[in-house]
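Heads up, the thing below is written out as structure tokens.
Bear in mind these aren't lab numbers, they're just calculated from the coordinates by the rules spelled out. It should be emphasised that the depicted structure is a prediction, and the values quoted were computed from it without experimental measurement. All Cβ positions, even for glycine, are placed from backbone atoms using ideal geometry, and neighbour counts span all protein chains on display.
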Amino acid sequence: MKLVRFGPWGQEKPGLIDAEGRLRDLSAVVPDIGGAVLAPAVLARLCRLDAQRLPWVRGRPRLGCPVAQVGKFIAIGLNYADHAAEAGMPLPTEPVVFMKATSCIQGPNDPVMLPKGSKKTDWEVELGVVIGTRARYVTQKEALAHVAGYCVVNDVSERAFQLERGGTWDKGKGCDTFGPVGPWLVTRDEVPNPQRLGLWLELNGERMQSGNTRTMVFGVAKLISYVSQFMTLEPGDILTTGTPPGVGMGQRRDGKPAPRFLKPGDVLRLGIDGLGEQQQAVIPFAR
């Protein structure tokens, strides 16, 4: 299934995308997409529904984050060897874990707003993993059974805040609008191997990132198992798993560093095989 949340900000309704690609309203079946609704038994019940009997949502409503009331937004850094190299950082021997503020989460096509004082706002297409059942000290063998599904994430980052302001990375990762998620949550049964997914990002129509999850330093099962040793993962938590090379701070010209960062008027388009696409316009800071 492809599960979505649609409607104005703060008033999203649950829905699904049917076999013909049409949006169907699920609000008479479940209250929202999140928490207990992500449990295997509930997802199995939704899968058995006759989508053709659900109300058809006409037009093109706004899509929100496909997961409601995300408890934790956990991110992994430097998880592709070639991205670590372009960032000039050593390959990690253990996963690099940081947090993105849940207040940065937004829909897949909502604008990205540059934060006040930003000079180095950057892009990162990533595979997002949505937890479906509580995971605490789980093994790698058990890990994927705790997944409800997968989604596209843009881990937008302000590099000066992240790397030049001291302390942890978090301050450059959680600015408002820095967490586009979606367009939909694709349930685990549709992604038999999360380590075989192509992902890409374009800036103003120019391809900047092309990669595949098979080149991750630490695979999805390892990441879930690892993070669950330090914090309990709850249904609805999102784990975003790192980005391939091609980010703005890693751009080069004639073999020399030539960083490129976002400015008002830029347009980002990104996607992952089978998980859909996002598009964001970049806008200046506004209160």
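Below, the figures for the structure above:
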read-out: Sites matching trypsin sites (Lys or Arg not before Pro) across the stretch 196-273 that sit in DSSP coil, with at most 14 neighbouring C-beta atoms within 10 Å; value: R196
read-out: Charge dipole of the stretch 1-145 about the Cα centre (unit charges at C-beta), most positive-ward option of W123, W9, V96; value: W9
read-out: Size of electric dipole in the stretch 2-53: Cβ of Lys, Arg +1 and of Asp, Glu -1, about Cα centre, debye, nearest 20; value: 80
read-out: Under DSSP loop assignment and at most 14 Cβ neighbours within 10 Å, longest chymotrypsin sites (Phe, Trp or Tyr not before Pro)-free interval of the chain; value: 10-136
read-out: The chain, helix-only ellipticity at 222 nm - DSSP H runs n ≥ 4, -39,500 (n - 2.57), divided by all residues, nearest 500; value: -2500 deg cm²/dmol
read-out: Separation in nanometres of the label points that stand 7 Å from Cα toward Cβ, at D254 and T232; value: 5.9
read-out: In nm, spacing of pseudo-spin labels at T102 and N193 (7 Å Cα→C-beta vector); value: 3.5
read-out: Assigned charges on the beta-carbon of Lys, Arg, Asp, Glu; the chain dipole about Cα centre (debye); value: 300
read-out: Chain lengthening between F285 and A36 when straightened (0.36 nm per residue, less Cα-Cα); value: 86.0 nm
read-out: Burial ordering of D82, D32, D237, fewest other beta-carbon atoms within 10 Å first; value: D82, D32, D237
read-out: Cβ-derived FRET efficiency at R0 22 Å, L91 paired with Y137, nearest 0.05; value: 0.25
read-out: Cross-link reach list, aspartates and glutamates versus K72, counting only Cα pairs under 15 Å and skipping chain neighbours closer than eight places; value: D155, D170, E234, D237
read-out: Alpha-carbon centroids, the stretch 34-70 and the stretch 215-271: separation in whole Å; value: 27
